[in-house]
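One structure follows; several queries about it will come next.
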Amino acid sequence: MRGIRHDRDHPYVVKLKDLPGFENLLGQADNDEQKNKFEKLSNYEIHLCACGLSKNKPFCDGHHAKTMKEESGKIYLYDKDGNVITTLNKLTDSEDGNEIDLPNEYE
């Protein structure tokens with residue numbers, strides 16, 4: 001089993017216009033129609049999974065909605081369909097019984 005700690009209950013949002021060098025990919029707009037297309041494209045957002053439950057990784061598919069009622073400090077184990085199997089207060093090593101500390105993804 002592989003344990004991954006996810007603390008976010010919403011996706012990461014990447015706006016194309018905020019990516020370094022994005023404006024270089026478009027080139028120069030020659031007319032108003034191209035300018036409008038470039039403007040629409042520059043406002044496009046990509047939503048990346050941050051909860052770990054998406055079936056379309058790395059993209060968000062809305063499964064983070066299942067994490068909205070999670071209680072702080074508890075560990076939730078999900079099955080492959082994104083359903084909660086069980087909750088734990090801590091993880092322990094099966095060999096020595098010591099508590100396993102999963103690092104915070106923001107540290």
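The values are calculated or read from the model by the stated rules, or taken from the named source; none is laboratory data. All of these numbers come straight from a predicted model, not from anything done at the bench. Cβ atoms come from the backbone with ideal geometry, glycine included; neighbour counts cover every protein chain shown.
Mind checking whether some residue in segment 74-84 is β-branched (Val, Ile, Thr) and within 14 Å of His6 (Cβ to Cβ)?
Yes: segment 74-84 contains one or more residues that are β-branched (Val, Ile, Thr) and within 14 Å of His6 (Cβ to Cβ).
Every residue in segment 10-22 that is in contact with a helix residue (DSSP H, G or I) (Cβ under 7 Å, 6 or more places away or on another chain) and modelled with pLDDT of 85 or more, please.
Across segment 10-22, the qualifying residues are His10, Pro11, Leu16, Lys17.
In addition: Does any residue in segment 38-60 that is more than 11 Å from Leu16 (Cβ to Cβ) and modelled with pLDDT of 90 or more come within less than 8 Å, Cβ to Cβ, of a residue that is exposed (fewer than 11 other Cβ atoms within 10 Å of the Cβ) and not charged (D, E, K, R) six or more places away or on a different chain, and which pairs are these?
Between residues of segment 38-60 that are more than 11 Å from Leu16 (Cβ to Cβ) and modelled with pLDDT of 90 or more and residues that are exposed (fewer than 11 other Cβ atoms within 10 Å of the Cβ) and not charged (D, E, K, R), the close pairs are Cys49/Asn56.
Does Phe38 satisfy the condition of being surrounded by 13 or more Cβ atoms within 10 Å (Cβ to Cβ) and not charged (D, E, K, R)?
On the way: surrounded by 13 or more Cβ atoms within 10 Å (Cβ to Cβ): yes; not charged (D, E, K, R): yes.
For Phe38, the condition - surrounded by 13 or more Cβ atoms within 10 Å (Cβ to Cβ) and not charged (D, E, K, R) - is met.
Right, next: I need the full set of residues from segment 1-24 which are surrounded by 10 or more Cβ atoms within 10 Å (Cβ to Cβ) and over 30 Å from Lys80 (Cβ atoms), in order please.
Lys15, Leu16, Lys17, Asp18, Leu19, Phe22, Glu23, listed by residue number.
Being farther than 30 Å from Arg5 by Cα and among the charged types (D, E, K, R) is the filter here, so list the residues in segment 21-57 that pass it.
Glu23, Asp30, Asp32, Glu33, Lys35, Lys37, Glu39, Lys40
Being aliphatic (A, V, I, L, M) and in contact with a Cys (Cβ under 7 Å, 6 or more places away or on another chain) is the filter here, so list the residues in segment 53-89 that pass it.
Selection gives nothing.
Check off (1) outside any strand (DSSP E or B); (2) surrounded by 12 or more Cβ atoms within 10 Å (Cβ to Cβ); (3) not aliphatic (A, V, I, L, M) for His47 and give me the number that stays unchecked.
Failing condition for His47: (1).
If you go through segment 53-88 one residue at a time, how many are in a loop (DSSP other than H, G, I, E, B), touching a strand residue (DSSP E or B) at 6+ places or on another chain (Cβ under 6 Å) and over 17 Å from Pro11 (Cβ atoms)?
2
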